[in-house]
Amino acid sequence: MLRHLRGGVSPLAIAIAFLAQSPAAQAAEGGEAGTVSELIVVGQGDRPITVQPRGLSVSLGQTEFEAINAINVEDLMKYAPNFYVRKRYVGDANGTPGFRGTHTAQSARTLVMVDGFVVSNFLSSGHGNAPKWNMVGPGEVRQFDIVYGPYSARYSGNSMGGIVSITTREPERTEAFATVQAFTHPYKQYGTEQTYNGYTFEGGVGLKTTNGFTGRLTYRRLDNVGHNQQFSQLTASSGAGLAVTGAVIDTGLIPTAPATVPTPVGGAYAPDHTVQDQVRARIGYDFGNGWTAKGVLGLWNTDSDSTEPETYLRDAAGAPVYDGKVVYNGVTYTAGAGLGLSLVEKREILAGLKLQGPWANWDVSANLSHYWIDNQTTRSSTTRTTGVANGAGTYQKLGDTGWWTGDFTAERAFGAHGLAIGLNSNLYETDQDSFNVANWRAASGQTFSAATYGKTSLAGVFVEDKITLGDTANLTAGLRYDRWRAFDGGVARLATGIRKDQAYGEREQDSLSPKLSFQWEFTPGWQAQLSLAQATRFPTVGELFQGKLDALGNFDANSFDPNLKAETSTDANLLLRHDFGAVRVTGSLFYQSVDDAIFSLQGLNQFGVLTSSFKNIDRVRQYGVELIAEARDVLIPGLDIDANVAWIDETTMRNRALPASEGVRFPRIPEWRINGDIRYTINDALKLSVGARYASRPNTDLLGTQRGDTYGYTSEFLIIDTRLTWDVNDQVQASFGIDNLNNDKAWVFHPYPQRTAVAELKWKM
């Protein structure tokens with residue numbers, strides 16, 4: 001197993017050289033020069049990309065999808081170049097994406113849309129603010145378009161990492177489909193040895209009439225028990241305790257303060273049993289004069305049950321011990337940290353309307369969408385013992401939380417110029433109250449504890465001009481202006497028996513972001529593109545409003561930085577692509593320097609006090625190389641290969657909040673990423689695929705002192721996936737696949753899934 005792969009570019013370079021010498025490649029002379037086409041890799045020829053392809057751009061369709069064991073919609077991107085989603089288990093609501101050197105905790109740097117409607121969760125930036133992937137199911141998707149970097153003026157600075165655009169299938173006739181999946185996941189770690197099972201059902205009907213109406217109604221249900229995500233370490237204590245056995249010693253663990261050596265693992269947090277129901281309705285109308293209207297309504301209901309923690313500890317009689325003072329190997333500890341019980345209920349709604357058509361020789365598009373959390377409550381017990389007895393705990397409830405987004409774009413050709421002008425805006429709002437309760441399950445006996453709330457808004461206008469320079473080149477220049485505002489923010493806490501609020505001052509700021517991209521087919525079969533950009537990403541509600549009041553109700557200066565700055569980037573991307581007939585190779589060089597990068601770290605705040613919260617890092621710089629190969633009918637008909645390798649150097653260049661981090665590789669960004677899949681069409685009915693995902697071991701912290709391959713670290717990984725698909729007839733398809741066939745035990749602080757088998761049956765009419 002390539003757990004310590006070094007010089008990872010070599011295998012792919014050898015493969016590309018070999019493929020380039022295949023008979024089909026040797027016969028290729030390159031096409032005649034014509035109007036320069038969009039530079040898209042892993043591209044599908046029959047579906048135009050839905051976002052502006054400036055910089056590295058990827059378009060994935062049915063060919064790529066059929067090679068993937070896709071349980072959740074984000075799985076459909078798992079082999080994309082220099083990209084991954086932090087998916088810890090099936091049904092994980094915290095699947096944040098990472099582009100190149102964008103940390104998965106920097107989720108506000110990724111703009112995600114479904115049919116043009118924003119599903120990015122910019123209420124904060126972090127693992128708890130993943131895009132709302134489950135607003136669409138895998139069976140509805142027509143294509144995934146991915147653009148790396150902020151090279152188009154049409155999109156806000158939240159595209160600093162990149163853009164993901166998901167497009168669903170339009171009904172082409174009266175139709176219906178249904179998909180059933182079952183999966184099983186044997187899991188073993190420390191004292192846990194369990195097999196977790198789940199299933200999904202997705203079905204829908206579509207309608208297309210002769211008088212211009214289209215409609216689609218889809219329902220999806222997911223029921224799964226994920227594996228344990230965290231483990232309970234014993235805490236050093238003193239005095240007498242109950243003698244126990246069964247704890248596990250892992251010498252690679254990060255010590256739990258104030259200990260200097262790893263403490264024993266006493267159990268596993270309760271796994272998440274999630275049941276998700278999703279209903280999505282879409283209606284469209286063609287007015288017959290070039291104008292169309294589309295509406296979408298999505299409802300996503302989630303029930304999460306985490307009430308079965310596991311303890312490894314046993315007393316002298318063999319009975320389980322969950323919490324309290326214990327003595328293990330002659331040392332006294334406190335057991336039970338994190339082994340409480342919790343229940344989460346959540347109902348989310350997305351509604352949107354889109355209009356597009358010609359107006360006064362302009363092609364016009366406008367959309368408005370609203371996402372809101374209709375209900376979200378979290379009930380948690382203090383310990384496992386109080387949980388079983390329905391004793392004390394906490395209760396959290398969201399108030400008005402969600403966002404509005406609106407976009408307007410008008411495009412028109414003026415000779416060699418393709419002009420686009422537009423505006424877009426958003427409003428994000430959050431409101432959460434926390435209570436201490438006497439009965440955690442019933443949420444009774446509530447006593448107010450704390451609250452956070454606030455709003456941000458962003459309004460932007462842009463102009464972009466794509467200038468055709470003959471048949472072989474074009475130049476796109478753009479300029480974007482944004483106006484940002486943070487307001488109505490505050491925090492409240494119980495002090496001397498009464499609620500005391502601390503309001504945040506209102507803030508406003510604007511930015512100007514230029515963009516430039518030049519594309520040239522300088523000789524038949526060879527294309528180059530150079531893209532340059534600047535972008536500004538403003539703080540989110542959650543990043544700004546982390547302040548607290550102390551126990552006396554006074555402002556706690558150690559926890560609050562209302563002056564968090566916007567992060568600004570300077571970006572460059574050079575692409576070079578050549579077709580060798582059956583093989584197409586794309587090389588990419590990228591650079592990004594971010595001033596005032598927003599990141600959650602331990603350091604000195606504006607008062608000179610050491611604390612842990614969102615802060616600005618003065619400068620973070622990344623650059624790297626990507627090499628992407630697409631090969632068709634390699635050696636034998638029906639054998640296709642998509643492979644990509646990326647080398648990344650990302651370094652903290654200046655950080656006055658934590659000077660020791662300067663010159664150190666940025667955390668969780670691997671030096672090497674390699675993704676790819678091999679697809680073989682055995683015959684008209686059978687298809688076989690093998691996929692691979694590799695990432696080298698990154699740093700876990702800003703100081704580069706935490707590097708490991710166990711719980712608490714971000715590890716390297718090599719994951720092999722397989723899938724066999726059988727088209728039983730024109731209506732029925734069956735498949736079986738295994739993800740992580742090699743059963744690599746990898747970590748992203750939490751454990752990734754181990755070997756998982758997936759069986760799927762599809763029907764369509």
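The values are calculated or read from the model by the stated rules, or taken from the named source; none is laboratory data. Note that the coordinates shown come from a computational prediction; the quantities given were computed from them, not determined experimentally. Backbone-built Cβ (ideal geometry, glycine too); neighbour counts: all protein chains shown.
Things worth noting here:
- Single residue of Phe144, Phe177, Phe183, Phe201 found to be crowded, with 20+ Cβ neighbours inside 10 Å, more than 30 Å from Pro514 (Cα to Cα) and of a type in the set (Phe, Trp, Tyr): Phe183
- Pair list, Cβ < 6 Å and 6+ apart or interchain, from the range 311-328 residues that are more than 14 Å from Thr263 (Cβ to Cβ) and free of Cβ contacts under 8 Å to residues at least 40 places away in the same chain to residues that are crowded, with 21+ Cβ neighbours inside 10 Å and not acidic (Asp, Glu): Pro320/Thr311
- Considering the range 498-515, and only residues there that are over 25 Å from Ala572 (Cβ atoms) and surrounded by fewer than 14 Cβ atoms within 10 Å (Cβ to Cβ), the residue that is modelled with the highest pLDDT turns out to be Glu508.
Rundown of residues vs (1) touching a Gly at 6+ places or on another chain (Cβ under 6 Å); (2) under 26 Å from Tyr196 (Cβ atoms), yes/no style:
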site: Pro81; (1), (2): no, no
site: Thr96; (1), (2): no, yes
site: Thr110; (1), (2): yes, no
site: Ser124; (1), (2): yes, no
site: Met135; (1), (2): yes, yes
site: Ile166; (1), (2): no, no
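- Residue within the range 612-621 that is small (Gly, Ala, Ser), outside any loop (DSSP other than H, G, I, E, B) and buried (at least 21 other Cβ atoms within 10 Å of the Cβ) present: no
- When the range 580-595 is filtered for residues that are buried (at least 18 other Cβ atoms within 10 Å of the Cβ), of a type outside the set (Phe, Trp, Tyr) and either under 25 Å from Ser517 (Cα atoms) or under 22 Å from the mean Cα position of the chain (by Cα) (or both), the ones remaining, listed by number, are Arg584, Val585, Thr586, Ser588, Gln592, Val594, Asp595.
- Residue ID - nearest to Ala572 (Cα to Cα), chosen from residues in the range 104-153 that are touching a residue at least 40 places away in the same chain (Cβ under 8 Å) and hydroxyl-bearing (Ser, Thr, Tyr): Tyr151
- Residue among Gly61, Gly30, Gly43 that alone is more than 29 Å from Val758 (Cβ to Cβ) and modelled with pLDDT under 95: Gly30
- Close pairs from the range 171-187: first of a type in the set (D, E, K, R), partner assigned to a strand (DSSP E or B) and crowded, with 16+ Cβ neighbours inside 10 Å, Cβ under 6 Å, at least 6 apart: Arg173/Lys208; Glu175/Gly206
Quick grid of which residues meet (1) among the basic types (Lys, Arg); (2) touching a helix residue (DSSP H, G or I) at 6+ places or on another chain (Cβ under 9 Å); (3) surrounded by 19 or more Cβ atoms within 10 Å (Cβ to Cβ); (4) within 30 Å of Gly137 (Cα to Cα):
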| site | (1), (2), (3), (4) |
| --- | --- |
| Thr251 | no, no, no, no |
| Thr307 | no, yes, no, yes |
| Ala319 | no, no, no, no |
| Tyr328 | no, no, yes, no |
| Tyr333 | no, no, yes, no |
| Gly336 | no, yes, yes, no |
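- Thr386 vs. criteria of a type in the set (Val, Ile, Thr) and under 30 Å from Ile283 (Cβ atoms): no
- In the condition set (1) of a type in the set (Asp, Glu); (2) surrounded by fewer than 16 Cβ atoms within 10 Å (Cβ to Cβ); (3) over 22 Å from Gln230 (Cβ atoms), Asp286 is compliant with all but (2).
- Residue in the range 197-213 that is farthest from the chain's Cα centre (by Cα), counting only those that are among the hydrophobic types (A, V, I, L, M, F, W, C) and closer than 17 Å to Val732 by Cα: Val205
- Filter result for Gly128 (within 27 Å of Val279 (Cα to Cα) and part of a helix (DSSP H, G or I)): no
- Cross-chain or 6+ apart pairs with Cβ under 7 Å, the range 409-431 first and without any contact (Cβ under 8 Å) to a residue 40 or more places away in the chain, then among the hydrophobic types (A, V, I, L, M, F, W, C) and surrounded by 16 or more Cβ atoms within 10 Å (Cβ to Cβ): Leu423/Phe408; Leu423/Val461; Ser425/Leu458; Ser425/Ala459; Leu427/Trp403; Leu427/Trp404; Asp431/Leu398
- As a summary of the residue check, His227 satisfies the conditions (1) assigned to a loop (DSSP other than H, G, I, E, B); (2) touching a residue at least 24 places away in the same chain (Cβ under 8 Å); (3) within 30 Å of Gly357 (Cβ to Cβ) except for the one numbered (3).
- When the range 204-216 is filtered for residues that are touching a residue at least 60 places away in the same chain (Cβ under 8 Å) and either surrounded by 15 or more Cβ atoms within 10 Å (Cβ to Cβ) or more than 30 Å from Ile283 (Cα to Cα) (or both), the ones remaining, listed by number, are Gly204, Thr214, Gly215, Arg216.
- When residues of the range 217-227 are limited to those that are buried (at least 17 other Cβ atoms within 10 Å of the Cβ) and aliphatic (A, V, I, L, M), the one nearest to Leu297 (Cα to Cα): Leu222
Residue-by-condition table, conditions (1) surrounded by fewer than 17 Cβ atoms within 10 Å (Cβ to Cβ); (2) under 21 Å from Ala319 (Cβ atoms); (3) β-branched (Val, Ile, Thr):
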position: Thr192; (1), (2), (3): no, yes, yes
position: Asn197; (1), (2), (3): yes, no, no
position: Gln229; (1), (2), (3): no, no, no
position: Leu242; (1), (2), (3): yes, yes, no
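- Checked against (1) closer than 19 Å to Asp721 by Cβ; (2) part of a loop (DSSP other than H, G, I, E, B), Ala105 passes all but a single condition, namely (1).
- Members of the range 326-368 found to be part of a strand (DSSP E or B), more than 28 Å from the chain's Cα centre (by Cα) and either farther than 30 Å from Ala316 by Cα or of a type in the set (Lys, Arg) (or both), listed by number: Leu355, Gln356, Gly357, Pro358, Trp359, Trp362, Asp363, Val364
- Residues that are under 14 Å from Val112 (Cβ atoms) and assigned to a helix (DSSP H, G or I) within the range 62-94 comprise Val73, Glu74, Leu76, Met77, listed in sequence order.
- Candidates are the residues of the range 691-710 that are of a type in the set (Ser, Thr, Tyr) and either crowded, with 18+ Cβ neighbours inside 10 Å or in contact (Cβ under 8 Å) with a residue 24 or more places away in the chain (or both); the one that is nearest to Ala67 (Cα to Cα) is Tyr694.
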